[in-house]
Amino acid sequence: MKQFFTFLFLFTCIHLSRAQNDKSLFIGEWKVISIETNDIYYNSKTDSIKVSKEFKKIFSDSLKLDNVLKVTKMTYSDNIYSFREDNTYSQNAKSNPEIKGTYLIKPEKNLIDLIINEDGILTMKYEFITNQLRLSLFRFDKRTTLFVLEKENQ
């Protein structure tokens, strides 16, 4: 029985330590450098955008497609996520009003919940690769949106 409680204590300590380590990795400002869906890939660093053939078929009118691409660039070119120690976050973009909320990290599943209000929770899978934070949003239509962020002022 003593061994069981020792194991449980160590497991809890390791789990809490991992949660704190993951949280410390999030703290700071992160710039969206790319966004990728099944239809569009946009990279704000290179100011390049690619569109799938299927998406081009939907927007066969080049003016409409051009407008969608302009909105995509406007939305993500200066998009900054700020994660703070007190579990609050904000998302700022020149073209959109600031979004504020709280966040909850679930390190055992590599998930983060972005809580905008009582009704609005975005759950995303996260992964840290070198100096990047990758957030995968799984949509209701079983498609994925991948956001790649880089930490500002490292």
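The values are calculated or read from the model by the stated rules, or taken from the named source; none is laboratory data. A quick note: this is a predicted structure, and the numbers were derived from the prediction, not measured. Cβ sites come from the backbone with ideal geometry, for glycine too, and all protein chains shown count toward neighbours.
State whether the residues of region 94-112 include one that is more than 14 Å from the chain's Cα centre (by Cα), within 18 Å of I35 (Cα to Cα) and among the small types (G, A, S). Looking for residues that are more than 14 Å from the chain's Cα centre (by Cα), within 18 Å of I35 (Cα to Cα) and among the small types (G, A, S), one finds at least one in region 94-112, hence yes.
Taking the criterion of being more than 18 Å from L149 (Cα to Cα) and surrounded by 14 or more Cβ atoms within 10 Å (Cβ to Cβ), the residues of region 59-103 that qualify are F59, L65, V68, L69, N87, G101, T102. Candidates are the residues of region 113-151 that are of a type in the set (K, R) and at pLDDT below 85; the one that is nearest to the chain's Cα centre (by Cα) is R139.
Restricting attention to region 133-153, the residues that are of a type in the set (K, R) and closer than 20 Å to F26 by Cβ total 2.
What number of residues within region 31-69 satisfy the criterion of being over 23 Å from the mean Cα position of the chain (by Cα) and either part of a loop (DSSP other than H, G, I, E, B) or basic (K, R) (or both)? Residues meeting the conditions: 7. For first residues located in region 34-54 and at pLDDT 95 or above, partners that are part of a loop (DSSP other than H, G, I, E, B) and lie 6+ apart or on another chain with Cβ distances below 7 Å form the pairs S34/S44. Taken over region 133-154, the residue count meeting the criterion of being touching a residue at least 60 places away in the same chain (Cβ under 8 Å) and of a type outside the set (A, V, I, L, M) is 8.
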